[in-house]
C-alpha cells in the first residue's frame, strides 16, 4: 500500500470535488451566452465564486479566476508601475515575475526581517508593492503578515500575499490580514489542478495578463474553466468545514518529528522554532542528498518531495534553505513531508519506519567506508 505525503505539491482531489467537476462537464453552455444553457453555466460559476469568497472572507466580486497560483502571482506583480519587493523565500512564480524585484532578507527560520523590509522600502522612491507569502511551501513557516502590512503602510506601499499553501489549511481572512491582493490555488486544498484565483481589494485594478474578452469583469480574458472552477468551489466549501480537523494534523506532524529526532540525533527539522502550518515538516539528513532520499522512499512506496525541483527533474539546492542561512550541503539534503485530508497515523508510521531505516543504513555505510579507508 502506497503512502502519499506530498500534499503541498498537490493534494488528491476529494471525491465530492470530482463529482462537482463531472457535473459541470455535462453543462455545455457558454457563461457569456444569454440563453438558458449559458445562464445555467453562469449560475455554476457564481456558486463557485461565492464559495471561494467565503473561504477567505471577501466579496465574490473581488475574485479573478485564473489558471492557478502562478498566473495569479504574475498578474499581481508583473505590470505594477513601481518598485516590487519580495521576500527571499517566495515561490519561484513570485521570484521570477519581476527581474527587477528587490529581495528582502529572512531570518534562520525563514521569517521576513522587518527591519530589512523597512530599510528597503525607505530606499524606494515612488510607488512600491511588497509580496510576502503567508505560508512557505517548503518549511510551512508562517509569515507575520500583519506586521508586514504595518511596515508597508508606513511607506504607502501595497501588499500582495501568496496564500496558496495556507488557504484551506488554516483560517485565512483577507480583511483581517489587511492585504491588497491575495493568490489562491485549488489543487492545494483538494481541488483540481489548473485553476486558481487572484483576490483584489475594492478600488484596485491590476493589469490583466490576458486581453481580448470581457470575462472576469474584463480582468482576465478567455472562456472560463467551468469544470475546474466548480471543483475549486466545492473544495473551498469542504476545506472551510474541516479547518478544525486540519489543525489536528499538528499532533501527527509533531509525533513524526519527535520520533525522527529520537532515532536519528543528527536529523535537522528546518524552521522548527517558527509558527508553521499543521501539516508540514522540512527534514534534513546530513550526508544524504534529498534526491537520494526521495528515490529510496519512493522505491519503498512512500511519496515525499525534495526541497526544490527544477523542470529538468534534477534537484537543486533549496533557495528557501539558502535564504535561511543553510549551506549548499544542507540545502541539498532536505526533504518535505506534507500531510493532508487523507493522511492518518498509519502513514506517519510507515514514513518513520522507512526513513529511519534509510538513515541508519547511511550511518552503517559511512562506518564501512571509514574502516576500509
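Every number in this text was worked out from the coordinates using simple rules, so none of it is lab data. These numbers were taken from a predicted model, which means no experiment stands behind them. Because the Cβ atoms are built from the backbone with ideal geometry, glycine has one as well, and the counts that use them run over all protein chains shown.
Details
- Between residue 241 and residue 125, the modelled labels are 5.7 nm apart [label points 7 Å from Cα along Cα→Cβ].
- At R0 = 41 Å, FRET efficiency that the Cβ-Cβ distance of residue 204 and residue 349 yields, to 0.05: 0.30
- Computed over the range 205-291: relative contact order in percent, which uses C-alpha pairs under 8 Å that are six or more apart: 17
- Cα-based helix-to-principal-axis angle, 36-56 vs the chain, degrees rounded to 10: 50
- Crossing angle, helix 15-25 versus the chain [Cα axis fit, 0-90 degrees, rounded to tens]: 40
- Across the chain, Cα pairs under 8 Å and at least six residues apart give a relative contact order of 23 percent.
- The range 2-90: C-alpha gyration tensor shape, a/c 1.5 cut-off, then a/b vs b/c: oblate
- Proxy reagent accessibility, fewest Cβ within 10 Å first, across 23, 124, 282: 23, 124, 282
- Calculated [222 nm] ellipticity per residue, helices only, for the chain: -12500 deg cm²/dmol; basis is -39500 (n - 2.57) per DSSP H run with n ≥ 4, divided by all residues, nearest 500.
- Length-normalised contact order for the range 57-163 - Cα pairs under 8 Å, 6+ apart - percent: 25
- Computed from Cα atoms alone, the Kirkwood hydrodynamic radius reported for the chain is 21.5 Å.
- Tensor-based shape of the range 202-340 (alpha-carbon gyration tensor, a/c under 1.5 rounded, otherwise prolate or oblate): prolate
- Panel order for 255, 107, 347, by other beta carbons found within 10 Å of each beta carbon, from fewest to most: 255, 107, 347.
- Rounded to 10°, Cα long-axis angle of helix 290-299 versus longest principal axis of the chain: 90
- By the beta-carbon count within 10 Å of each Cβ, the least crowded to most crowded order of 275, 224, fewest first, is 275, 224.
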